[in-house]
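Novice: Sharing a structure, written as structure tokens. Questions coming.
The values are calculated or read from the model by the stated rules, or taken from the named source; none is laboratory data. Just so you know, these numbers come straight off a predicted model, no measurement behind them. Positions of Cβ are generated from backbone atoms using ideal geometry, with glycine treated the same way; all protein chains shown enter the neighbour counts. Surface areas here come from the heavy atoms of the whole protein model, side chains and all, with no ligands, DNA or RNA. Shrake-Rupley method; radii C 1.70, N 1.55, O 1.52, S 1.80 Å.
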Amino acid sequence: PAGMRLRFLADANLDQDIVVGLWRRQPAVDFALPQHHLAEGAEDLEVLAIAAGMDAVLVTHDARTMPFHFAAFLQSSPSPGVILVPRLLPIALAIEELLLIWEASSPEDWVNHFRRLPL
């Protein structure tokens, strides 16, 4: 529904310092941790399905396989979206970008989109 806030789900490979830093800046951000939602070693398609079930934008460092699997996932299901955080992007910048995304966009803006930070 309109007016709802984005939810994020951290992929298992995401540096959780990003999540903690984002919570420090804005405690209201709904950022689910992988250890609470993803099985150890879950495959990309499974992770995308779980994120979709949670209506959460997946946040990942996985530039190697996730773009391909995201495209494959869209063949059969819509996705709340994926945000790729390059490993070399400074954590402080990743936090700023995610905070801006959370503050300035709605879930509808991200459906079926794959975006790389910085935007």
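Novice: Which condition from (1) more than 14 Å from residue 86 (Cα to Cα); (2) surrounded by fewer than 17 Cβ atoms within 10 Å (Cβ to Cβ) is the one that residue 44 breaks?
Specialist: Evaluating residue 44 over (1) more than 14 Å from residue 86 (Cα to Cα); (2) surrounded by fewer than 17 Cβ atoms within 10 Å (Cβ to Cβ) leaves (2) as the failure.
Novice: Just for the stretch 3-30: of the residues that are touching a Ser or Thr at 6+ places or on another chain (Cβ under 7 Å) and either of a type in the set (Gly, Ala, Ser) or open to solvent by less than 70 Å² (accessible area, probe 1.4 Å) (or both), which one is farthest from residue 106 (Cα to Cα)?
Specialist: 13
Novice: What number goes with the only condition from (1) of a type in the set (A, V, I, L, M); (2) part of a loop (DSSP other than H, G, I, E, B); (3) more than 17 Å from residue 96 (Cβ to Cβ) that residue 47 does not pass?
Specialist: Condition not satisfied by residue 47: (2).
Novice: Looking only at the stretch 1-59, which residues are modelled with pLDDT of 95 or more and at positive phi?
Specialist: Selection gives 55 alone.
Novice: Do the conditions hold for residue 18, that is, is it over 18 Å from residue 114 (Cα atoms) and either touching a helix residue (DSSP H, G or I) at 6+ places or on another chain (Cβ under 6 Å) or assigned to a helix (DSSP H, G or I) (or both)?
Specialist: Answer is yes for this residue.
Novice: Another one. Considering only the stretch 68-100, state which residues are within 13 Å of the chain's Cα centre (by Cα) and farther than 18 Å from residue 16 by Cα.
Specialist: 70, 79, 80, 81 - these are the residues of the stretch 68-100 that are within 13 Å of the chain's Cα centre (by Cα) and farther than 18 Å from residue 16 by Cα.
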